[in-house]
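Engineer: Next up is a structure, given as structure tokens.
Values quoted throughout were computed directly from the atomic coordinates according to the rules given, and no laboratory measurement underlies them. Since the structure is predicted, the reported quantities are computational estimates derived from the model, not experimental observations. Heads up, the Cβs are rebuilt from the backbone with ideal geometry, glycines too, and the neighbour counts pull from every protein chain shown.
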């Protein structure tokens, strides 16, 4: 009986080790795929600024034209930065706040239905960018990002210390 427990623990440990190897490629895929999608959305807003301004006016957002330009630029530039993994956590925070405002302003019922009507919540337009930004904000961009590379250039001693103590860092 004890040998089965030892075997199960060994299998589980190997499975976890293998799955841990997939964390950074998954974060890379999420950043690149949804970063490009976000940049494309921002590009579309910037090239249809009149319609976006009208929509923001209908939502009673303050300074609708300036807000439309800001949101379009944030999504376009932020999407590119997310895709390459530069300034990822700061960009993710800005995108997360932007998508939270988008939820609140355009689909408040879905936003408030996170627990009571989850299908409305995750079916709303801002959801995927909101969730992607939250993932990158919390977990960082992973080692396959410019943030990780630049953090090693700026502070190689701290990076070496973290690696020697086995501290995972997604920066």
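Engineer: For each of 51, 45, count neighbouring Cβ atoms within 10 Å of the residue's Cβ, then give the residues from fewest to most. Please report the intermediate quantities before stating the final value.
Structural biologist: Numbers: 51 12, 45 23.
Exposure proxy ranking, most exposed first: 51, 45.
Engineer: With 25 Å as the cut-off, how large is the P(r) tail for the chain, expressed as percent of Cα-Cα pairs? If you can, show how the numbers build up before the last one.
Structural biologist: Working: 6737 of 14535 pairs.
Tail of P(r) above 25 Å: 46 percent of Cα pairs.
Engineer: Can you compute the modelled spin-label distance between residue 84 and residue 7, with each label point 7 Å from Cα toward Cβ, in nm?
Structural biologist: The answer from the label model is 5.2 nm.
Engineer: Here's something else I'd like to know. I need 107, 40 ordered by Cβ neighbour count within 10 Å, fewest first. Walk me through the numbers on the way to the answer.
Structural biologist: Details: 107 18, 40 13.
Ranked by crowding around the Cβ, least crowded first: 40, 107.
Engineer: Compute the helix-to-body angle for 23-47: its Cα long axis versus the longest principal axis of the chain, expressed 0 to 90° and rounded to tens.
Structural biologist: 10
Engineer: Could you work out how far helix 2-21 tilts from the main Cα principal axis of the chain, as a 0 to 90 degree angle to the nearest 10?
Structural biologist: With both axes taken from Cα atoms, the answer is about 40 degrees.
Engineer: Here's another thing I want to ask about it. Once R0 is set to 45 Å, what does the formula 1/(1 + (r/R0)^6) return for the Cβ-Cβ distance between residue 54 and residue 29, expressed as a FRET efficiency to the nearest 0.05? Kindly include the intermediate steps, with their values, before the conclusion.
Structural biologist: Details: r = 35 Å, r/R0 = 0.78.
That gives a FRET efficiency of 0.80.
Engineer: While we're looking at this one, here's another question. Per the Kirkwood formula on distinct C-alpha pairs, the Rh of region 1-95 is how many angstrom? Please list the in-between numbers first.
Structural biologist: Values: mean 1/r = 0.0628 Å⁻¹.
Mean inverse Cα-Cα distance, inverted, gives 15.9 Å.
Engineer: Separate question: Add -39500 (n - 2.57) for each DSSP H run of 4 or more in the chain, then divide by its residues: what number comes out at 222 nm, to the nearest 500 deg cm²/dmol? Could you put the intermediate results ahead of the total?
Structural biologist: Values: 10 runs with 137 residues, N = 171.
Helix contribution divided over all residues of the chain: -25500 deg cm²/dmol.
Engineer: Starting with the fewest neighbours, write out 38, 19, 134 ranked by other beta-carbon atoms found within 10 Å of each beta-carbon. Numbers along the way, then the final one.
Structural biologist: On the way: 38 28, 19 10, 134 16.
With the sparsest Cβ surroundings first, the list reads 19, 134, 38.
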